[in-house]
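To keep things clear, I will list the structure first and then write my remarks on it.
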Amino acid sequence: MSRIGRKHIAIPAGVTVTVNGSNVTVAGPKGTLNSTFHPNMKIEVEGAEVVVSRPNDSNQNKSLHGLTRTLINNMVIGVSEGFTKELEVQGVGYRVAKQGTNLVMNLGFSHQVIVPEVENIKIECPDPNHIKIIGIDKQKVGQFAAEVREKRPPEPYKGKGIRYVGEYVIRKEGKTGKGK
């Protein structure tokens, strides 16, 4: 059996999980998430736990078992605690600021890069070199963080650009100038 799939998901206080066939709705203090899963997976709420089981040991059902359990667990964590991705901006003159609901970034281009907030995603700028992306849907938070990072990914020679906090950028050696 799947090691991840056989673990039960504890439902914290203040969170309700509703199962309607293969449709799962999770509501909590931070919001509500709704998702539909493969009909082969059997999802049940037993007391204060969610149990995911599979009908047989076919390869597809084995794969879906752990995936379904993890996605439901991420929904429960999202509505109770939320998810955060932190980015840092490095480079001389590179800085970010929040203007209304827009993230305004000076990234060494001749123009400012403006990224608007999307639904259910909140952007914070605690200082000019850091960005916090907060939301309840783990996939959407990660996708939005990747889109912001894509505006100026870190380059390998000086390391300038937008990177995740704690990300290691492999550095390259520049040209040596030998020859003439």
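The values are calculated or read from the model by the stated rules, or taken from the named source; none is laboratory data. Just so it is clear, the model here is predicted, and its values are computed rather than measured. Reconstructed Cβ throughout: ideal geometry from the backbone, glycine too, with neighbour counts over all protein chains shown. Note: areas computed on protein heavy atoms with side chains; ligands, DNA, RNA excluded. Shrake-Rupley method; radii C 1.70, N 1.55, O 1.52, S 1.80 Å.
Quick grid of which residues meet (1) among the hydroxyl-bearing types (S, T, Y); (2) over 30 Å from N73 (Cβ atoms); (3) open to solvent by 80 Å² or more (accessible area, probe 1.4 Å); (4) modelled with pLDDT under 95:
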| site | (1), (2), (3), (4) |
| --- | --- |
| V92 | no, yes, yes, yes |
| R95 | no, yes, yes, yes |
| G100 | no, yes, no, yes |
| L103 | no, no, no, yes |
| L107 | no, yes, no, yes |
| V118 | no, no, no, yes |
| I121 | no, no, no, yes |
| K132 | no, no, no, no |
Subset of segment 68-90 (residues that are among the hydroxyl-bearing types (S, T, Y) and buried (at least 18 other Cβ atoms within 10 Å of the Cβ)): T68
Residue satisfying all of: in segment 39-63; assigned to a helix (DSSP H, G or I) and open to solvent by 30 Å² or more (accessible area, probe 1.4 Å); farthest from I136 (Cα to Cα) among these: N59
Any chance Y164 is more than 30 Å from V79 (Cβ to Cβ), among the aromatic types (F, W, Y) and within 20 Å of the chain's Cα centre (by Cα): no
Per-region count, segment 69-112, residues in contact (Cβ under 8 Å) with a residue 12 or more places away in the chain, within 22 Å of E155 (Cβ to Cβ) and small (G, A, S): 3
Pairs, first under 11 Å from A145 (Cα atoms) in segment 113-124, second open to solvent by 60 Å² or more (accessible area, probe 1.4 Å) and hydroxyl-bearing (S, T, Y), C-beta under 9 Å, six or more apart: I123/T101
Residue within segment 80-90 that is closer than 26 Å to N120 by Cβ and part of a helix (DSSP H, G or I) present: yes
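For segment 165-174, check the following and say yes or no: at least one residue is surrounded by 14 or more Cβ atoms within 10 Å (Cβ to Cβ) and of a type in the set (S, T, Y).
No; the residues of segment 165-174 include none that is surrounded by 14 or more Cβ atoms within 10 Å (Cβ to Cβ) and of a type in the set (S, T, Y).
Look through T18, T32 and report the one residue that is surrounded by fewer than 16 Cβ atoms within 10 Å (Cβ to Cβ), polar (S, T, N, Q) and free of Cβ contacts under 8 Å to residues at least 40 places away in the same chain. So that I can check it myself, show each step before the final result.
On the way: T32 fails: free of Cβ contacts under 8 Å to residues at least 40 places away in the same chain.
Unique residue meeting the criteria: T18.
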